[in-house]
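Take a look at the structure set out below.
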Amino acid sequence: MKKELLGSGLIRMLSGLLLMGLLLFLPAGTWHYPGAWRLLGLLFIPMPVIGIVLSIMAPELLRKRLNVKEQESEQKQVIVLSALIFIVGFVLAGLDFRFGWTQLPLAVVIAGMILFLLAYGLYIEVMRENAYLSRTVEIQEGQKVIDTGLYGIVRHPMYMAVTILFLSMPLVLGSAIAIIPFLGVPAVLVKRIRNEEMVLVKGLPGYEAYQKKVTYRMIPFLW
């Protein structure tokens, strides 16, 4: 079971690495693209360690995180929209580096790297807090409402972490123009959250009361 999970996770990671590399380096027209190497390193170097830890400590959670087969039709639309944002954003960043359209200051790039790592940390903390954290929108057998830790601040801390993670990507890449498509990420997540909460209210006992207790969905004091 653990070997199968690790194998599946490794294939998924290498596929993601290859896809991102193609989307960044081909438009850039060179392998000498520091921003791309920064982003790939920050994203993929910690990933095998996280996968190994999850396979030992929480193999069922790892299995859920590797499942991407959505049942909700609206969530399938979210996946398509997200894919378009990433493709356009990464290709724009590569072209930006190639033709020198924009260049972010080093201080902004460093700030982006710090934000990225902080978001990665939030992401890991959310996985530690919530054993029901599936990649797909579904109600699991025996699932309970989690209302402690980050879940006591916002109802969807994973999407808060994902928002920071993805909005920091163009900063890490050093591309100002790539920020434009990535600004669509919060809108896509809002669409996902609205549908997800409809499913949770209908199928998860106690979720409606949790909504009243924790009023903010993704961004504290804002939404």
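For the reader, a short list of remarks on this structure follows.
- Check on Ser8, polar (S, T, N, Q), surrounded by 15 or more Cβ atoms within 10 Å (Cβ to Cβ) and at pLDDT below 75: yes
- Qualifying position, being hydrophobic (A, V, I, L, M, F, W, C), surrounded by fewer than 20 Cβ atoms within 10 Å (Cβ to Cβ) and within 14 Å of the chain's Cα centre (by Cα), among Ile153, Ile219, Ile164: Ile164
- Among (1) free of Cβ contacts under 8 Å to residues at least 12 places away in the same chain; (2) touching a helix residue (DSSP H, G or I) at 6+ places or on another chain (Cβ under 9 Å); (3) not polar (S, T, N, Q) - the single one Ile180 does not satisfy: (1)
- Filter result (in contact with a helix residue (DSSP H, G or I) (Cβ under 7 Å, 6 or more places away or on another chain) and under 16 Å from Ile110 (Cβ atoms)) within region 157-177: Ile164, Leu167, Ser168, Met169, Pro170, Leu171, Val172, Leu173, Gly174, Ser175
- Against the numbered list (1) touching a residue at least 60 places away in the same chain (Cβ under 8 Å); (2) under 30 Å from Phe44 (Cβ atoms); (3) assigned to a helix (DSSP H, G or I), Val199 comes up short only at (2).
- Just one of the numbered conditions (1) buried (at least 20 other Cβ atoms within 10 Å of the Cβ); (2) more than 30 Å from Pro27 (Cβ to Cβ) is not true of Leu171: (2).
- Residues of region 172-209 satisfying the condition of being small (Gly, Ala, Ser), more than 15 Å from Val78 (Cβ to Cβ) and within 21 Å of the chain's Cα centre (by Cα): Gly174, Ser175, Ala176, Ala178
- Verdict on Leu23 being at pLDDT 65 or above and within 17 Å of Gly174 (Cβ to Cβ): yes
- Matching residues in region 153-196 - criterion: being within 22 Å of Thr102 (Cβ to Cβ) and either touching a Lys or Arg at 6+ places or on another chain (Cβ under 9 Å) or not in a helix (DSSP H, G or I) (or both): Val172, Leu173, Gly174, Ser175, Ala176, Ile177, Ala178, Leu183, Gly184
- Looking across region 93-137, the residues that are at pLDDT 90 or above and among the aromatic types (Phe, Trp, Tyr) come down to Phe97, Phe99, Trp101, Phe116.
The values are calculated or read from the model by the stated rules, or taken from the named source; none is laboratory data. Computed from a predicted model, the values in this text were never measured in an experiment. Glycine also receives a Cβ, built like all others from the backbone with ideal geometry; neighbour counts cover every protein chain displayed.
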